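Q: Sending over a structure as structure tokens; questions will come in a sec.
The values are calculated or read from the model by the stated rules, or taken from the named source; none is laboratory data. Everything numeric here is computed off the predicted structure, so don't read it as measured data. All Cβ positions, even for glycine, are placed from backbone atoms using ideal geometry, and neighbour counts span all protein chains on display.
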Amino acid sequence: MNIMGFLNERAISCDVKAQTKEEAIRELVGLLVKAGAIKSKDVERLIQVLMEREALGSTGIGQGVAIPHGKSDCVAELISAFGVSRSGLDFNALDGETVHLIFLLVAPVDSAGPHLKALARISRLLKDRHFREGLRAAKDEKTLLKILREEDERRH
């Protein structure tokens, strides 16, 4: 499974402005709305699902990475948004570090397999320090997409 198979190319930001976990989740959900992947009427319900998942335990997996995720009936297929926070934010990450790379994943309620495969794929790729540094250094969204595509192809 490749990241580009579920990442919405129009839901990417190289400059997330959020200062808190909830603001970051809202900002990435907003990117999905702008990209046409989620209806604006579903935003609050989706944020609630994602924040309820965060309440179970932080999705800040360490090394500056967070993968907030949840299942919702507002999507028909697995979708994702991605953002880079230049200043970093507190995500209550497992290692206590600030988070700079945020992959937001939303899966349909009845989809366990693809959701878990996507989580595994993202976390596996982001274990690579050079890949993480490349994403953090990207000047614009076009560069972010290029780095993501190349890594997907390299590690198919």
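Q: Read through the list (1) within 16 Å of PHE6 (Cα to Cα); (2) touching a Phe, Trp or Tyr at 6+ places or on another chain (Cβ under 8 Å); (3) of a type in the set (Ser, Thr, Tyr), then give the number of the only condition that THR59 fails.
A: (1)
Q: Listed residues LEU101, LEU94; which is within 13 Å of the chain's Cα centre (by Cα), without any contact (Cβ under 8 Å) to a residue 60 or more places away in the chain and within 30 Å of ASP73 (Cβ to Cβ)?
A: LEU101
Q: Which numbered condition trips up ALA24, out of (1) over 12 Å from the mean Cα position of the chain (by Cα); (2) not in a strand (DSSP E or B)?
A: Condition not satisfied by ALA24: (1).
Q: Considering only region 110-156, give the helices (runs of 4 or more DSSP H) lying wholly within it that have at least 3 residues that are of a type in the set (A, V, I, L, M, F, W, C) and surrounded by 13 or more Cβ atoms within 10 Å (Cβ to Cβ).
A: Output list reads 113-125, 141-154.
Residue-by-condition table, conditions (1) among the hydrophobic types (A, V, I, L, M, F, W, C); (2) exposed (fewer than 15 other Cβ atoms within 10 Å of the Cβ); (3) touching a residue at least 60 places away in the same chain (Cβ under 8 Å); (4) assigned to a helix (DSSP H, G or I):
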site	(1), (2), (3), (4)
ILE12	yes, no, yes, no
GLY36	no, yes, no, no
ASP42	no, no, no, yes
LEU46	yes, no, yes, yes
MET51	yes, no, no, yes
ALA55	yes, yes, no, yes
SER80	no, no, yes, no
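A quick yes/no check of all residues on (1) more than 16 Å from MET1 (Cβ to Cβ); (2) at pLDDT 95 or above:
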| site | (1), (2) |
| --- | --- |
| LEU50 | yes, yes |
| ALA66 | yes, yes |
| HIS69 | no, yes |
| ASN92 | yes, no |
| LEU101 | yes, yes |
| LYS139 | yes, yes |
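Q: Check whether at least one residue in region 90-98 is at negative phi and not in a loop (DSSP other than H, G, I, E, B), and report yes or no.
A: no
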